Amino acid sequence: MNKTLPLKGVRVVNFGWVWAGPVVGQTLGFLGAEVFKIESRARVDMTRNLPPFAEGKPSPDRSLSNHACWAGNGSISLNLKEPEALQLAKDLIARSDVVVENFGPGVMERLGLGYEELRGIKDDIILFSMPGAGLYGPMKDLRTYGLSLTSTTGLDSLVGYKGGDPIPVENAFSDPYAGILGAFAVLSALNHRRNTGQGQHIDFSQQEAVMQMVGPAYMDYVLNGRSGGPKSNEHPLAAMAPHGVFRCKGDDRWISIVVGSDEEWHSLLAALKHPEWLKVSEFATREQRLAHIDTLHALLGEWTVQFDDRELAALLQSHGVAATPVLNVGDLLGDPHYVARRTFIEVEHPLGFKETIYGSYVKLGRGEVEVRPGPMIGQDNDYVFRELLGLSEERYRQLIERQVIY
Amino acid sequence: METRPTGALSGIRVLDFGQMVSAPYCAKLFADYGADVIKVELPTGDVARTMGPFPGDVAHPEKSGLYFINNTNKRGVTCNVASEAGRALFLRLLEWADVLVENNLPGRMKSWQLDYADIQAVNPRLVMISITPFGQSGPYSAWNGYDLNAYHLTGASSRYCGRPGEMPLEHGTFSADYFGAISAATWGMAAVYGRDMVGGGQQVDVSCAEAIAAAFIGGQNIGGYAQDGRFDKRTGVGMPQGAPATILPCKDGHVWMLALEPGQWNGLRQVMGNPDWADLDIFQNMKTRAENADVIYSFIVEWTMQHTKMEIQEKCQAAGCPITAVYTVAEAAEQPHLKARGYFVDMEHPELGRIRNLGAPFKLPASPGGPARGAPLLGQHNSEVYGGMLGLDAAKLMALRAAGAI
């Protein structure tokens, strides 16, 4: 098998920080690009200091979540407040294809790295910017955190228990989402460059990218003037029933069950052995099931609670019913499906410890992605400054001593 | 009339042989940026056509909002791949295409003799993007499943959404489908971009569940669990380690209340009019505020209930706090910022009339994208594609129609 990855030969300079920007680099890196994060000990990224740490020893190079979320990126350390550091960053950009950043609008310009500046260094450079709400517009400077960005899209208003208040999603789903989709934007621009020789400055508003997920509910507003609200786990368009999560035997164990067609309904009845309690005549059609969904779900819940979630999922699946156990974090590592697909992998860190991160979550027929843990600060300094940029040993050492490379 | 798009992906030919959300949205991303996308539907049509939202809730296969929003810019043909003549026609389309996007369960593609081995034999340069809930391999690959089932297999709901001990929640939309779609578009596009380098086409195997389990949940949780054997579950508040960091009610809805850093907290105090309670020692850092979350949230809610979400957003943002309104879908759809950025586009559709659609998910200034043409009617381009593009004559087309192949 040809082991070459599709983006081999593409070089990316990544100023991205925290989560979304590093995931852009990760995605391109997994796909074969050479990606260098530019960061500095002068201002260590907060995610490098997030516990838990490898072997319980706190250090910016030992954060386990950071290593997973930043895997695929390399790292060079430059204190950009120093003019010589800025020049080195530009020298690297001159030899690169793509620059990624997720600062607020205007920050790159203030650093002296705005698009016009970069074009002067390399005419066909692709600058990928992913501010929360875009590069322009009245709310361009809106402050959000990853976990609250979704509130500006309508998405948060849909999450919660049926008829109740919105419940927050407790982490930034939008960060990896925008990070992965951001890599698609970069690929589109690379393709355009291949077609035309032109680079460009991509304006990737995380708000707009994520709001596409609200599309189905948005159409209900456009067509009917309705603005949806929380509906537990019911179908987003009220088109399937049952469609929910039901309690199983044990502490906080649940199963998801969906019936999308009459055929699947009959499969469910067969799996249930056509019980008396499920008054079949009242639920014979999809319309009836939808009209009486609360009753239907309550009845099903009384049945599921007698079963182990995994056993019940296997039983229902053996009849062709769409059902999965609701997994918790502790279930993931040993789950036979994720084990078989090598979703999570144990890797050896250069500092000598082993840790578990996620691997190639998409499988390519040609070429296997070799995933290494996220970089130590400045891990690729030698390679970039000595080999790529050709600094003399002496000058390299000086710049390190003077904390320009830092 | 063959359309000649000029976008970033112009020259790339895509077949969308998918239904509902994941594959259609993935193919829509290609279509947004100028790829020539043909949607191939079974004669019964994409199941999304049977789901709303419909204008006035009256079901009509050409008036589904879900179908419309995920199928813009595509041409549409019908093809009964289960028949011999239909399958032969589908193979002709495969010869034309660079990319096939599909989301049929693996067993179904096999039953049509359209798994990757069959397809590779017809067009070895084709990139086949397969998006399913569980993927092409592993013990659950033969399982039946929908978006909800995939989402709850990831740990996301157990970890991050819902009240403790109560039902874990999805996001109220097709979150797993969308996450799978963007992962597939990115990895698939890379496979197209690097096709010559890697030596030809390949299958790109995307599991919606795996992508979320890895890139969202795994990133933040799996290293710690693997090392220490401990893991967390949902709490029902936005961020249990710091406060304020959750969704709170206000006079006309809800706000995402976030003020963790000292500057943000002081900004919020000022906006609230420096109430006496805010001077208490226990409220002077985010951790002790979190330890007294019930108390502080009840104080803050007394204030938020007297103000509207937009008042709160504007005043708090001006004071340096990342506090935002929880926009309803209607409010997001009317947001002046998004309007100023041209995020909404007016489109015409023969059955739906004038539709204000969501525009491009990101802005490529040198090669603008986004929806321009409405979703195709069922079989709308049969003559154009099969006659004009593949060169079948009228008699042959009529025979195919008579045989039920198209």
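For A:Arg119, only one of the following conditions fails: (1) touching a helix residue (DSSP H, G or I) at 6+ places or on another chain (Cβ under 8 Å); (2) surrounded by fewer than 20 Cβ atoms within 10 Å (Cβ to Cβ); (3) part of a helix (DSSP H, G or I). What is its number?
Only one criterion in (1) touching a helix residue (DSSP H, G or I) at 6+ places or on another chain (Cβ under 8 Å); (2) surrounded by fewer than 20 Cβ atoms within 10 Å (Cβ to Cβ); (3) part of a helix (DSSP H, G or I) is unmet by A:Arg119, namely (1).
Is it the case that B:Val204 is more than 7 Å from chain A (Cβ to nearest Cβ), in contact with a strand residue (DSSP E or B) (Cβ under 6 Å, 6 or more places away or on another chain) and more than 22 Å from B:Tyr67 (Cβ to Cβ)?
When the stated conditions are applied, B:Val204 does not pass them.
So A:Asn2 passes all but one of these: (1) modelled with pLDDT of 95 or more; (2) outside any strand (DSSP E or B). Which condition number does it fail?
(1)
Does the range A:251-260 contain any residue that is closer than 25 Å to B:Leu169 by Cβ, assigned to a strand (DSSP E or B) and touching a Lys or Arg at 6+ places or on another chain (Cβ under 7 Å)?
Scanning the range A:251-260, I find at least one residue that is closer than 25 Å to B:Leu169 by Cβ, assigned to a strand (DSSP E or B) and touching a Lys or Arg at 6+ places or on another chain (Cβ under 7 Å), so the answer is yes.
Please count how many residues of the range A:177-204 are within 7 Å of another protein chain (Cβ to nearest Cβ) and touching a strand residue (DSSP E or B) at 6+ places or on another chain (Cβ under 8 Å).
9
Every residue in the range A:348-362 that is in contact (Cβ under 8 Å) with a residue 24 or more places away in the chain, more than 7 Å from chain B (Cβ to nearest Cβ) and either hydroxyl-bearing (Ser, Thr, Tyr) or buried (at least 18 other Cβ atoms within 10 Å of the Cβ) (or both), please.
Scanning the range A:348-362 gives A:His349, A:Ser360.
Any idea which residue in the range B:11-45 is surrounded by the most Cβ atoms within 10 Å (Cβ to Cβ), counting only those that are within 13 Å of another protein chain (Cβ to nearest Cβ) and free of Cβ contacts under 8 Å to residues at least 40 places away in the same chain?
Once the filter is applied, the top-ranked residue is B:Gly11.
Any residue in the range B:151-158 that is assigned by TED's automatic domain parsing to the domain that holds B:Ala176, assigned to a helix (DSSP H, G or I) and more than 23 Å from the chain's Cα centre (by Cα)?
no
Results for (1) in contact (Cβ under 8 Å) with a residue 40 or more places away in the chain; (2) assigned to a helix (DSSP H, G or I); (3) crowded, with 24+ Cβ neighbours inside 10 Å; (4) in the same structural domain as B:Asp118 (by TED's automatic domain parsing), shown as yes or no for each residue.
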| site | (1), (2), (3), (4) |
| --- | --- |
| B:Thr186 | no, yes, yes, yes |
| B:Asp196 | no, yes, no, yes |
| B:Ile222 | no, yes, yes, no |
| B:Gln227 | no, yes, no, no |
| B:Phe231 | yes, no, no, no |
| B:Pro240 | yes, no, no, no |
| B:Trp256 | yes, no, yes, no |
| B:Gln264 | yes, yes, no, no |
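Just one of A:Arg43, A:Arg95 is without any contact (Cβ under 8 Å) to a residue 24 or more places away in the chain, closer than 28 Å to A:Arg397 by Cα and away from chain B (no Cβ under 14 Å); which is it?
None of the other options fit; the residue is A:Arg43.
So, A:Gly365, is that one among the small types (Gly, Ala, Ser) and without any contact (Cβ under 8 Å) to a residue 40 or more places away in the chain or not?
yes
The values are calculated or read from the model by the stated rules, or taken from the named source; none is laboratory data. Because the structure is a prediction, the values reported are computed rather than measured. Cβ sites come from the backbone with ideal geometry, for glycine too, and all protein chains shown count toward neighbours.
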